[in-house]
Amino acid sequence: MRTRGTTALVMGALVAATLPIMVPGQGAAAAPRRADLVVPVVSKPPGVARAGSSFGVDATVSNTGTAAAGSSSLRFYLSKDRVQGAGDVVGGTVAVKSLQQRSRKAASGTVAVPPKASGRYWVIVCADARKQVEESNEKNNCRTSKTPVDVDREIHGTLTGDLTFTEYRQTTDPATGATTTVDHTASASIAMAVDGDPLDPTFASTGSTYTREGSTARHEEDEDCVMHRERTVTGGGLLAYTGDPFTDDINGSITELDLSGVHLGINLRAGWTEQDTYTGRGADPCDPYSKTTTGAELTPNDIDFVETSRSGGSIHYRVESFLGDMGTASRWDEVEGTLTLTLR
């Protein structure tokens, strides 16, 4: 017969058999070691920026996790509010090299402001923007600037520069032997105030000037006569500007929203004097003849410029192409020069 004590021992043995065996020093499974990238510091953006421009931002990336982080990307956003979201504008991205646990790195980036941006924006900087690093916390990657930047869509500045125009050629008529020599030059000094929306800014001349001179001569000889006709051209002074595009001698426009292209229309006016002379010679000379006439002419020029560089608040351009009136071929063989748009 079993006693009460024997029964208790048997039941205790059965319970013990169902409990896990604990090995000294062995606990529950440890949590995985992971990196955790955060942005503790974002520099203050400028108070005002122009649409289509860019500005620099400095930031610090820190790995507060328990494992090293591989290479990642740091992204700069322009946001209408202080929270990064789907509607934010990506202003730029920079690469960040691997980062050991409990360490940090400084990073600098350039924020590009879209040409159509306008109003107040916060700068938000987010670590691991492309989700390249497995982190312990994926919701603490972003930091917002303490102050916003006001984007001014309008541009305000001055356009200055110098242009030269040259035309030279000499031809001979094989049938008559007559020679024609064309030799014309002109120069323009550009001074304009540029203001308004880049889609339709005002280019107001503030004293643009020009000079122009040259001649076209035709010379022909035979045994009885020497025939010479020469037209000389001179002009110069202020390029007329009143704000009326139908009468102004100078106008301008922006051809690219990022301000990388500029167009100028310039009318070079001049007066001319033409002298015709016939001088007899030989056994049967022609009758001597001389006549002088005068008049005026207008040479329209449509000139496109392309950006060559930017420095500070200035954009530099060179001549890219040139045409005459209404898209016709230009009378000039070369149009050269540079312009600088200085923004304020």
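Coordinate-derived values only; no laboratory data. This is a predicted model, so every value here is computed, not measured. In this analysis, Cβ positions are derived from the backbone assuming ideal geometry, glycine residues included, and neighbour counts consider all displayed protein chains.
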Using per-residue counts of other Cβ atoms within 10 Å, averaged over each peptide, order 291-302, 201-212 from highest down. 201-212, 291-302
When the convex hull of the Cα atoms of region 295-344 is projected onto a plane and the area is averaged over all directions, what value comes out in nm²? 4.9
The relative contact order of region 59-118, taking Cα pairs under 8 Å that sit 6 or more residues apart, comes to a percentage of 43
Taking every other residue with Cβ under 14 Å from the Cβ of A35 and scoring Lys and Arg +1, Asp and Glu -1, one gets +2
Per-residue counts of other Cβ atoms within 10 Å, averaged by peptide: what ranking do you get for 95-103, 53-61, highest first? 53-61, 95-103
Can you tell me the 0 to 90 degree angle between the C-alpha axis of helix 4-18 and the longest principal axis of the chain, rounded to 10? 20
Taking the alpha-carbon centre of each part, the distance from region 146-171 to region 277-344 in Å is 20
With 36 Å as the cut-off, how large is the P(r) tail for the chain, expressed as percent of Cα-Cα pairs? 55
Candidate aspartates and glutamates - alpha carbon under 15 Å from K44, same-chain residues fewer than 8 apart omitted: D58, D150
Nearest 500 deg cm²/dmol is fine: what mean residue ellipticity at 222 nm does the chain get from its DSSP H runs of n ≥ 4 alone, each adding -39,500 (n - 2.57), divided by its residue count? -1500 deg cm²/dmol
Counting only C-alpha contacts under 8 Å and six or more residues apart, can you give the relative contact order of region 242-283 as a whole percent? 28
Can you tell me which aspartates and glutamates have their Cα less than 16 Å from the Cα of K139? Leave out same-chain residues fewer than eight positions away. D36, D128
Using Cα pairs closer than 8 Å and at least 6 residues apart in sequence, work out the relative contact order for the chain, in percent. 13
Range of Cα positions in region 82-201 per principal axis (Å), largest first: 92, 34, 24
With +1 on the Cβ of every Lys and Arg and -1 on the Cβ of every Asp and Glu, and nothing else charged, how large is the dipole of region 155-343 about its Cα centre, in debye rounded to the nearest 20? 440
